[in-house]
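Structure record follows, encoded as structure tokens.
What follows draws every value from the coordinates through simple rules; no lab data is involved. Here the structure is a predicted model, which is why all the values come from computation and not from measurement. Quick reminder, even Gly has a Cβ in these numbers, built from the backbone with ideal geometry, and neighbours come from all protein chains shown.
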């Protein structure tokens with residue numbers, strides 16, 4: 001916690017601005033940087049702080065959920081790639097658990113650190 005009860009999280013400088021609550025996700029990463037979702041709690045082993053599954057994509061200049069992009073890696077599995085059917089099945093479950101496609105649900109204020 002920082003002074004005045006504010007929590008500080010560093011957001012990639014090229015990340016898009018946080019959309020209004022309910023608007024389509026644009027990959028700003030604020031929700032996952034603020035606190036982990038239910039799946040993120042399991043993966044991060046904590047209820048506060050940034051999610052360990054959050055991944056920055058330089059090419060697209062946005063954040064993605066690592067558990068959705070590469071479930072085997074995000075879930076800590078070793079032994080090579082999973083069969084396509086298993087990846088698809090896990091991705092469907094992850095998308096449902098993280099509420100992908102439901103719109104922005106991060107009801108937080110984002111302030112710039114610039115003076």
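Between helix 84-97 and the chain there is an angle of about 30 degrees, using the helix long axis and the longest principal axis of the Cα atoms.
Note on 73, 50: ascending count of other Cβ atoms within 10 Å places them as 73, 50, the fewest first. Over the chain, DSSP H runs of length four or greater, each weighted -39,500 (n - 2.57), average out per residue to a 222 nm ellipticity of -7500 deg cm²/dmol.
Here's the picture: a label point sits 7 Å out from the Cα of residue 109 along the beta-carbon direction, and within region 20-64 the residues with their amide nitrogen under 16 Å of it are 21. Dividing the C-alpha radius of gyration of the chain by 2.2 N^0.38 Å, with N its residue count, gives 1.12.
Here the gap between residue 14 and residue 47, fully extended at 0.36 nm per residue and compared with their Cα-Cα distance, gives a gain of 9.2 nm.
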